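A short write-up of the structure that comes next.
The values are calculated or read from the model by the stated rules, or taken from the named source; none is laboratory data. Please read all numbers here as calculations on a predicted model, not as lab measurements. Positions of Cβ are generated from backbone atoms using ideal geometry, with glycine treated the same way; all protein chains shown enter the neighbour counts. The area values use the complete protein model at the heavy-atom level, side chains included, leaving out ligands, DNA and RNA. Shrake-Rupley method; radii C 1.70, N 1.55, O 1.52, S 1.80 Å.
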Amino acid sequence: GLYALAARHEWVKKYEKMDNMTYQKYFDHFDPDLYDPELWAKAASNAGMKYFVITTKHHEGFCLWDSALTDYKAVNTPAGKDLLRPMVEAFRKQNMKVGFYYSLLDWHHPDYTVDVHHPMSDNEEYIAKDKERDINRYVEYLHKQVKELLTQYGKVDIIWFDFSVQPSERFPGKGKDIWQSEKL
């Protein structure tokens, strides 16, 4: 994801309390110069791996695939392409199973409400705008993105969803009921 450009941690946006505008610099420069799924798949197969799991979207909300539901995706960065499909194809060519990791959190989506893990959880002005956000619209988006992943890349052997948010004194939790897990 974009957090790779910060070279500090995949939670850099949260730890450094970055808003979307500050974090945009990573999107504007995202172009993984060492991206070589064929090489990685061969190395993984030679090491005895039987499957791989790739982060399709982390908490920052950035998508490695060409999602029809957002502009916040690899095809709109200097990388200029779907980075997921070549990975899936390369690993399948090595007879490996395909796994997707998908974050339920999305700190970029305009309807994702603030919680204890949100980068803006200390920003009173941002929090005040939560009344304008609709978590149900975000959940609908989440479900549609999962459908894209499960219908556009052939058989997906594994899918990992990360994660539910425990309630705090200040913020409600986001668990199975919010995510509509049974429906998903």
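General remarks:
- Subset of the stretch 111-143 that is part of a loop (DSSP other than H, G, I, E, B) and charged (D, E, K, R) - its residue that is least open to solvent (accessible area, probe 1.4 Å): 115
- The set of residues in the stretch 45-58 that are within 30 Å of residue 120 (Cα to Cα) and either open to solvent by 20 Å² or more (accessible area, probe 1.4 Å) or out of contact with any Asp or Glu (no Cβ under 7 Å at 6 or more places or on another chain) (or both) comprises 53, 54, 55, 56, 57.
- Subset tally (residues that are open to solvent by 60 Å² or more (accessible area, probe 1.4 Å), within 20 Å of the chain's Cα centre (by Cα) and of a type in the set (Phe, Trp, Tyr)) for the stretch 12-44: 1
- The number of residues in the stretch 165-182 that are over 29 Å from residue 96 (Cα atoms) and assigned to a loop (DSSP other than H, G, I, E, B) comes to 10.
The rows are residues; the columns are (1) over 15 Å from the mean Cα position of the chain (by Cα); (2) within 21 Å of residue 63 (Cα to Cα).
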residue	(1), (2)
96	yes, no
103	no, yes
131	yes, no
139	no, yes
146	no, yes
156	yes, yes
160	no, yes
166	yes, no
169	yes, no
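- Summed over the stretch 71-110, residues that are open to solvent by less than 20 Å² (accessible area, probe 1.4 Å), farther than 22 Å from residue 30 by Cα, outside any helix (DSSP H, G or I) and touching a helix residue (DSSP H, G or I) at 6+ places or on another chain (Cβ under 7 Å) total 3.
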